[in-house]
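Read through the structure below, which is laid out as structure tokens, and then see the notes.
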Ligand code: AMP
Ligand code: ZN
């Protein structure tokens, strides 16, 4: 279904700093590139948040009927320890410390990344290319940039000439910087560097004798600069100009700024129509980051085995928590926040499950069609998931009112309500219904939630013997049910 013909999305474009009407280059098709992880350690929940935001965007675009080619790369070479093209390659360093092959590092953390994505119910991207699989394309790009006069070679390394580029283009247009300020704020070169100017960045680096990850090139053995891989892979699969490029806010500068410069220098056009940036996840008010060590790994949150949180949380609760704020807002991961999301998530799932039992009436007291469009309007407004969730809760309230005979819907409206709730909760937000969860920490709570639901059904059917039996037998094995105004909760002794 080509829903996109009726639903007009507006996206916040980091390049213009404004919300813009989304119009893909080719009608009905969307090309989207998102910078993937550097696979030198386990992904943390901050990384997961950014990928989850783009998973939600991918899901919504697909839901609207767009044919989306979603490319998310794996950085398995070239990402140095600091942004000034100095320090060791992150993967090589890990390999050296652990005395294993760099490709063993890559394999281990790529497997972990995929495992985490599976647990969180991510849709796989259409293409997942690696930097090491695209060395030839990267060398070709360096050649084009040099041919066009925007790069120079020194001692086997090739650097992008930012000052030359800035004579005709604006280096810094994405991150709202300008070269004069950058010059003012950077340390002068210490005489060790081959660069003409500190603002220049490496397209190709000479490999020193001990550098294991190396490839032959016209400039001698070396490896590509980190920014280059994304230009090579995005344009290879999506064309010299494509629709959406995403990543975390921290990648705006220098990574994405350099991607723009590379593309303009090599191909004469700006690569992307809509630059989208997801905001940072914080832990206790401080940005979650591998560098500072202020991280929680997804497995630790899912198992409850960590020093920050009082209990385990399920993947869907974490997804729900993420969706309760806009992808453009900073989000602070706290125990209270997760507990509130857990309650909200169960409230929504309980309502969706209860909906199965409701019978149609002769008339409707609620305008489902109008409510459905409000859900689309929320998503069309730069993927505003918190507003969407507010509408989903409105539906949950309605379902409970229908159960209590305080509202009614015709069978047709009930069907529409059910379809819309399923579309947005499962297809778009990627939540999993509690009865479908299967991770270790969730098995028990999933089973208890199922029993709570069966007990609710028994009560609805006035089968009080059954509902008491469920409560008493759970109590006998140490599981206490407590009925409250927000539904039934449980504790395990
Ligand atoms: P990296 O593996 O460090 O290149 O990061 C992979 C992705 O995670 C990038 O898009 C980063 O911008 C993003 N990222 C890193 N830290 C955070 C954070 N604390 N919150 C949200 N996204 C993050
Ligand atoms: Zn990238």
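The values are calculated or read from the model by the stated rules, or taken from the named source; none is laboratory data. What you are looking at is a predicted structure, and each value in this text was computed from that prediction instead of being measured. Note: ideal-geometry Cβ built from the backbone for every residue, glycine included; neighbour counts use all protein chains shown.
Table for the structure above
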| quantity | calculated |
| --- | --- |
| Cβ-Cβ under 7 Å pairs, at least 6 apart or on other chains, the range 456-473 side surrounded by 13 or more Cβ atoms within 10 Å (Cβ to Cβ), far side outside any helix (DSSP H, G or I) | 457/357; 460/357; 471/481 |
| Some residue of the range 52-62 being within 27 Å of residue 235 (Cα to Cα) and either at pLDDT below 95 or assigned to a strand (DSSP E or B) (or both) | no |
| The listed residue being in a helix (DSSP H, G or I) and assigned by TED's automatic domain parsing to the domain that holds residue 231, out of 123, 141 | 141 |
| Test: residue 328 is in the same structural domain as residue 424 (by TED's automatic domain parsing) and assigned to a loop (DSSP other than H, G, I, E, B) | yes |
| Output for the range 281-295, where each listed residue is part of a loop (DSSP other than H, G, I, E, B) and buried (at least 19 other Cβ atoms within 10 Å of the Cβ) | 288, 295 |
| Hits in the range 271-286 (condition: in contact with a helix residue (DSSP H, G or I) (Cβ under 7 Å, 6 or more places away or on another chain) and touching a residue at least 60 places away in the same chain (Cβ under 8 Å)) | 275, 277, 278, 280, 281 |
| Test for residue 253: is it surrounded by fewer than 17 Cβ atoms within 10 Å (Cβ to Cβ), in contact (Cβ under 8 Å) with a residue 24 or more places away in the chain and within 13 Å of ligand 2 (Cβ to nearest atom) | yes |
| Odd one out for residue 277 among (1) more than 19 Å from the chain's Cα centre (by Cα); (2) outside any helix (DSSP H, G or I); (3) within 16 Å of ligand 2 (Cβ to nearest atom) | (1) |
| Filtered residues of the range 154-189 (kept if over 32 Å from the mean Cα position of the chain (by Cα) and part of a strand (DSSP E or B)) | 154, 157, 158 |
| Search result, residues across the range 411-426 that are touching a strand residue (DSSP E or B) at 6+ places or on another chain (Cβ under 9 Å) and surrounded by fewer than 17 Cβ atoms within 10 Å (Cβ to Cβ) | 411 |
| Residue check, residue 90 within 16 Å of ligand 1 (Cβ to nearest atom), touching a helix residue (DSSP H, G or I) at 6+ places or on another chain (Cβ under 8 Å), free of Cβ contacts under 8 Å to residues at least 60 places away in the same chain and in the same structural domain as residue 209 (by TED's automatic domain parsing) | no |
| Evaluation of residue 200 against (1) out of contact with any strand residue (DSSP E or B) (no Cβ under 8 Å at 6 or more places or on another chain); (2) away from ligand 1 (no atom under 16 Å from the Cβ); (3) under 18 Å from residue 173 (Cα atoms) (one fails), failing number | (1) |
| Residue within the range 80-93 that is at pLDDT 95 or above, within 15 Å of ligand 2 (Cβ to nearest atom), closer than 22 Å to residue 233 by Cβ and touching a strand residue (DSSP E or B) at 6+ places or on another chain (Cβ under 8 Å) present | no |
| Residues of the range 296-318 that turn out to be over 16 Å from the mean Cα position of the chain (by Cα) and part of a helix (DSSP H, G or I), as a count | 5 |
| Hits in the range 474-486 (condition: loosely packed, with under 15 Cβ neighbours inside 10 Å and not in a helix (DSSP H, G or I)) | 477, 478, 480, 482, 483, 484, 485, 486 |
| Residue 261 vs. criteria part of a helix (DSSP H, G or I), more than 12 Å from ligand 2 (Cβ to nearest atom), closer than 30 Å to residue 329 by Cα and over 20 Å from the mean Cα position of the chain (by Cα) | yes |
| Pick from the range 362-391, criterion out of contact with any helix residue (DSSP H, G or I) (no Cβ under 6 Å at 6 or more places or on another chain) and under 21 Å from residue 411 (Cα atoms), ranking: surrounded by the most Cβ atoms within 10 Å (Cβ to Cβ) | 371 |
| Which numbered condition residue 389 fails, given (1) in a loop (DSSP other than H, G, I, E, B); (2) closer than 27 Å to residue 298 by Cβ | (1) |
| Selected residue (only one of 30, 26, 43 is in a strand (DSSP E or B) and either under 24 Å from residue 259 (Cβ atoms) or touching a strand residue (DSSP E or B) at 6+ places or on another chain (Cβ under 9 Å) (or both)) | 30 |
